[in-house]
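Chemist: Structure below; questions to follow.
What follows draws every value from the coordinates through simple rules; no lab data is involved. Just so it is clear, the structure is predicted and the values come from calculations on it, not from any experiment. Don't worry about glycine lacking a Cβ; one is built from the backbone with ideal geometry, like all the others, and counts go over all protein chains shown.
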Amino acid sequence: MDSLQRLSESLRPLLEHAQVQGEIRTDLTADDIPHFLVMGIAGLALPDTAPSMRARFMALLFDSLNPASASPLPPACAEKEDDDLRAAISNVVRD
């Protein structure tokens, strides 16, 4: 078991509890969490980024977890997909 899978498994009970309580969107999976954390780290680590921009980015990340304003996530694929980002993005539904 690699470290990302261990992290996902260790966070699964916490995530499921938060989902039952209505605090986090229900279509988020434990496997999404490591990727979500990497996005956060990448956004905070950009050089020459003002603290106010970092705060905006963190607010966007946290808002994306909110079930009240969530748009449905595209389906997760467990097996390796084609590296066709355009096709994958076309699965994102926006009103």
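Chemist: Once phi is turned into θ = phi - 60°, what whole-Hz ³J(HN,Hα) does the Karplus curve with 6.51, -1.76 and 1.60 give for every residue of region 55-63, x standing for Gly and Pro?
Modeler: These are the phi-based 3J(HN,Hα) values: 5, 4, 5, 5, 4, 4, 4, 5, 4 Hz.
Chemist: Sort the following peptides by mean Cβ neighbour count (other Cβ atoms within 10 Å, averaged over residues), highest first: 41-51, 7-17, 60-70.
Modeler: In decreasing order of mean packing, 41-51, 7-17, 60-70 become 7-17, 60-70, 41-51.
Chemist: Moving on. What list of ³J(HN,Hα) couplings, whole Hz, do you get for region 18-33 from phi and the Karplus terms 6.51, -1.76, 1.60, once you set θ to phi - 60° and write x for glycine and proline?
Modeler: Result, ordered by residue: 5, 5, 4, 6, x, 8, 9, 3, 7, 8, 7, 10, 4, 5, 6, 4 Hz.
Chemist: If R₀ is 35 angstrom, what is the calculated FRET efficiency for the pair residue 5 and residue 49, using the beta carbon separation as r and rounding to 0.05?
Modeler: 0.70
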